[in-house]
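To start, the structure itself, in structure tokens.
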Amino acid sequence: MKVQQFLEHHGIAENPFGQEDAQVDHVFQQYCLEATHHPAWDKIFGNPANPSTSVVFGEKGSGKTALRLQIVGEIQKYNHDHPEERAFIVEYDDFNPFLDCFRERLHGRQRKQERALSHWRLWDHIDAILKLSVTQLVDAILNENETASEPSQDARPTVTPESLARLTKIQKRDLLLLAAFYDHTFDQPAKHRWKALKRKLKFHAWWSQWDLAAGAVSSVATVALRWNLSGFKELFVWWIPVLLLAGWFPWLWRQGSLMWKAWRVSRQIRVFDHLPNSLRQLLSRFDRQQIAGQPIPGKERSDDRYELLLKLQNLLKTLGFRSMAVLVDRVDEPHLVNGSPERMRDLLWPMFDNKFLKHPDIGFKLLLPAEVVYYLDREKKEFYERSRLDKQNLITSLDWTGETLYDVASERIRACATASEHKPGIRDLFDETIGQDQLVLLFARLRVPRHLFKFLYRLLVDHCNKFTDDNPQWTIGNDTLQTTLALFTRDLEAFDRGQGTG
């Protein structure tokens, strides 16, 4: 007997439990995204108009990635309904590019240490978030749809010509400065992309090249004097270097100063690569007064990063984004972390800073593995005074009740049903001797949705393997249920022990 034959008998078009990862689960993304939420959903999501931080710890398969996708979906709906008060979404969930570059910046013994991530700091997180945000914003401006009258429902931000025209000259300067530091993509050279952004913004800095012009004029004047003062050629030979140096000194001094700044920035931004000479060329396009006293991420501190983050928020508000939502997920997946709780702790702990987590108009949604709760419980008083986790909507365990898992299973079956009316539920797949209460108690033992889906998929296969196509059985009996549960529980316990998550 085939599984598909069994499902079609109950009016189900495809196996609802074939996928275990929400990232690639089309049933969840197409049909169940808005259907079933975790009981703590309201506390986790909050309100995009008044963003709040949430710190959630959950074991593998508890639905952290599903929560992230649901948060993105709800924010997209909110953005569509409030085009001038949108939330700017930053999905901080792919750490591999940042960690690879970070490790390459470490030297000698630091790079070889098992705890290389112990050198990770808060400003590295802010640099990564600024890189993601600024690159998204520049993409939205350069790929701007001139015919679009309102933001789309796509997760990527949209910038209209009207909102772009509202930027003041100072804000355009700030955007170009942020792009010079944090716009990083492999699509095209940074210099070409920055110049395209400058043209798009119609930003002019007429006096940015006066020192270059002065040097060129001094060179031309020196040559002219050399050939016109024929009677003083021998005397003039000694003055040529002096005149050329006097003419080119302002340009050389400025370029040397900008090169020093660019080199410091390339050294201190450790999460992606900067070419100092390219950054120097971009900075030289500003007038001296335009960047004098502006924050530059060239020191081992977070103060400059906070100032640049405020500049970004000011720009986003003018462009129609009232707030930001930073979604942190999949911190256990990078190969430099490799599932190690100690490395996850080293990566996450710098982020637990109340000033950072309570930054105005930014809601951080930290969806974190449960393994690091062990270290959280053993921190000293200073850690909790700095992080103030009591104010961060802390959820130390993303638990699921048997009733909620029952609803999740039924919702997935209804999503895959072929009939528009009288859709089946999870109870319809079982023998009449198996009641709803028994299923609820059984599902509660499975704890998380991923375990539930694995178990139900295995149960369907075990049931169908016991019968032939000529003699099918259209409901699952109690014997099959108990036998499969016992085997699955044994395998699950063995897996947990092997992963060290028990």
- Under a straight-distance cross-link criterion of Cα-Cα below 30 Å, which lysines are reachable from residue 200, leaving out those fewer than 8 residues away in the same chain? 77, 131, 169, 172, 191, 261, 311, 317
- What's the extension gain from residue 118 to residue 43 if we count 0.36 nm per residue and subtract their Cα-Cα distance? 23.9 nm
- Task: Please determine, in degrees from 0 to 90 and to the nearest 10, the orientation of helix 122-142 with respect to the longest principal axis defined by the Cα atoms of the chain, where the helix direction is its Cα long axis.
- Result: 80 degrees
- From fewest to most C-beta neighbours within 10 Å, the residues 269, 291 line up as 291, 269
- Message: Can you sort 36, 433, 489 from fewest to most other Cβ atoms within 10 Å of each residue's own Cβ?
- Response: 433, 489, 36
- Task: Estimate the FRET efficiency between residue 495 and residue 209 by the formula 1/(1 + (r/R0)^6), using the beta-carbon distance for r and 60 Å for R0, to the nearest 0.05.
- Result: 0.40
- Note on the structure: Once Lys and Arg are counted +1 and Asp and Glu -1 for all other residues with Cβ under 12 Å from that of residue 173, the total becomes +3
- Local net charge near residue 442, Cβ-Cβ under 13 Å (Lys/Arg +1, Asp/Glu -1): +1
- Kindly work out what percent of the DSSP beta bridges joining two residues of the chain are antiparallel, to the nearest 5. 10 percent
- Note on the structure: Expressed in nanometres to one decimal, the distance between label points 7 Å along Cα→Cβ at residue 422 and residue 486 is 3.8 nm
- Please compute P(r) over all alpha-carbon pairs of the stretch 288-439, binned at 5 Å starting from zero, and give each bin as a whole-number percent. 2, 7, 11, 12, 12, 12, 10, 10, 9, 7, 4, 2, 2, 1, 0, 0, 0
- Taking chymotrypsin sites (Phe, Trp or Tyr not before Pro) as exposed when DSSP calls them loop (any state but H, G, I, E, B) and at most 11 other Cβ atoms lie within 10 Å, what is the longest stretch of the chain free of them, the sites themselves excluded? 239-502
- Query: With a 10 Å Cβ neighbour count serving as the proxy for reagent exposure, in which order, fewest first, do 26, 119 appear?
  - Reply: 26, 119
- Which whole number in µm²/s is D for the chain by Stokes-Einstein, with the Kirkwood Rh taken over Cα pairs at 25 °C and 0.890 mPa s? 92 µm²/s
- Task: Give the calculated FRET efficiency between residue 300 and residue 470 to the nearest 0.05, with a Förster radius of 60 Å applied to their Cβ-Cβ distance.
- Result: 0.20
- Note on the structure: Expressed as a whole-number percentage, the relative contact order of the chain with C-alpha contacts under 8 angstrom and at least six residues apart is 29 percent
- Item | Equivalent ellipsoid semi-axes - Cα gyration tensor, the stretch 38-82, angstrom | 21, 12, 7
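FYI, it's all coordinate maths here, none of it is from the lab. Here the structure is a predicted model, which is why all the values come from computation and not from measurement. When we count neighbours, we look across all protein chains shown, and the Cβ atoms used for this are built from the backbone with ideal geometry, even at glycine.
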